[in-house]
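No value in this document is a laboratory result; all are computed from the given coordinates. No experiment lies behind these values; they were computed from the predicted model shown. Note: ideal-geometry Cβ built from the backbone for every residue, glycine included; neighbour counts use all protein chains shown.
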Amino acid sequence: MKLRELASKLPIPYKINTEENPEIKRIDQDTREVKPGSLFICIEGVHHDGHSFVQEAAKKGAVAIVASKP
């Protein structure tokens with residue numbers, strides 16, 4: 001599914017910071033699972049903050065990031 005189509009199904013406000021509309025092949029919240037085509041979701045946990053792993057996710061092939069921080 002394309003990023004914009006997937007985002008349009010969200011029940012909350014969102015902002016897409018790109019003109020691109022990549023194909024999302026999978027959704028991951030753990031960088032150990034990220035594959036090319038992944039949408040990486042940054043989750044703030046008790047011990048780790050997913051925002052700290054954005055660069056790693058991108059290097060592994062994530063094509064989009066969902067984040068609550070800039």
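At a glance:
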item: In sequence order, calculated HN-Hα J values of the stretch 39-49 (Karplus, 6.51, -1.76, 1.60; Hz; x Gly/Pro); result: 9, 9, 9, 7, 10, 7, x, 5, 9, 9, 10
item: Extended-chain gain in nm, criterion 0.36 nm per residue less alpha-carbon gap, Leu10 and Ser68; result: 19.5 nm
item: Sparse-neighbourhood loop sites, GluC sites (Glu not before Pro) in the stretch 19-55 - DSSP loop, at most 13 other Cβ within 10 angstrom; result: Glu19, Glu20, Glu33
item: Point-charge dipole on Cβ atoms (K/R +1, D/E -1) for the chain, about Cα centre, debye to 20; result: 140 debye
item: Rounded to 5, the percent of DSSP beta bridges in the chain classed as antiparallel; result: 25 percent
item: Sites Glu20 and His48, calculated FRET efficiency, Cβ-Cβ separation with R0 35 Å, nearest 0.05; result: 0.80
item: Helix-only CD estimate at 222 nm, as mean residue ellipticity for the chain, using -39500 (n - 2.57) per DSSP H run (n ≥ 4); result: -4000 deg cm²/dmol
item: Chymotrypsin sites (Phe, Trp or Tyr not before Pro) within the chain: DSSP coil, no more than 13 neighbouring Cβ in 10 Å; result: Tyr14
item: Built amide H within the under 5 Å cut-off of Val66, gap 5+; result: Phe40, Ile41, Cys42
item: Where trypsin sites (Lys or Arg not before Pro) fall in DSSP loop in the chain, at most 12 other Cβ within 10 Å; result: Lys9, Lys15, Arg32
item: Cα shape, the chain, gyration tensor, a/c 1.5 rule; result: oblate
